[in-house]
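The values are calculated or read from the model by the stated rules, or taken from the named source; none is laboratory data. Owing to the predicted nature of the structure, the values given are computational and were not obtained by experimental measurement. Positions of Cβ are generated from backbone atoms using ideal geometry, with glycine treated the same way; all protein chains shown enter the neighbour counts.
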């Protein structure tokens, strides 16, 4: 990693400010005064700023209960973002959302600053199961037939292949539980639309082995446990 990025990640300084500190001779690496912001360093490097040792912060992993009305992006000019709910966390601008939810959807979001973990979770190759509670506009006609179609894969408009097998359970005539292993654009809504129905509310309960805490309220978040982090 570049020295200026390393220090910006580990402190409250911007990279521009770090470059000024390096130019002023306030940074040493391995006991020698650093002069090049692009100098390569890693977690084992002995980096000193203003006489104090600087090390990289540990990666962070959070479970967030996303309320409706928040977008799953880091910045947006029209709507509040899920990251805004963690604004009191240090270096919140470095946090990433691992798997999105629609503006009007609620439920489990995973947020991290560990890019490799994020990729492992969201890559199409991972086929990570996600479970949603779905409210429908109309009673689902012939639910058993729909469940078989979902298990076989559904053709969606403008897609080149069927959806991956999905599991449908009905809790009432208009309340469903759907588990999918991919994340196509508006996939859950489009799957039920293909069956002639409309989703009126969508709530994500689970991603892989991580389940949204039942005692959390919309807007609440907490760090993931070591077990949850390692089970992704």
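Details
- Residue 182 within 28 Å of the chain's Cα centre (by Cα), in a loop (DSSP other than H, G, I, E, B) and assigned by TED's automatic domain parsing to the domain that holds residue 100: yes
- Matching option when the condition is touching a residue at least 24 places away in the same chain (Cβ under 8 Å) and touching a helix residue (DSSP H, G or I) at 6+ places or on another chain (Cβ under 9 Å), among 228, 182, 138: 182
- Residue in segment 199-208 that is surrounded by fewer than 13 Cβ atoms within 10 Å (Cβ to Cβ), over 21 Å from residue 69 (Cβ atoms) and at pLDDT 95 or above present: no
- Of all residues in segment 1-11, none satisfies being closer than 24 Å to residue 92 by Cβ, exposed (fewer than 11 other Cβ atoms within 10 Å of the Cβ) and at pLDDT below 95.
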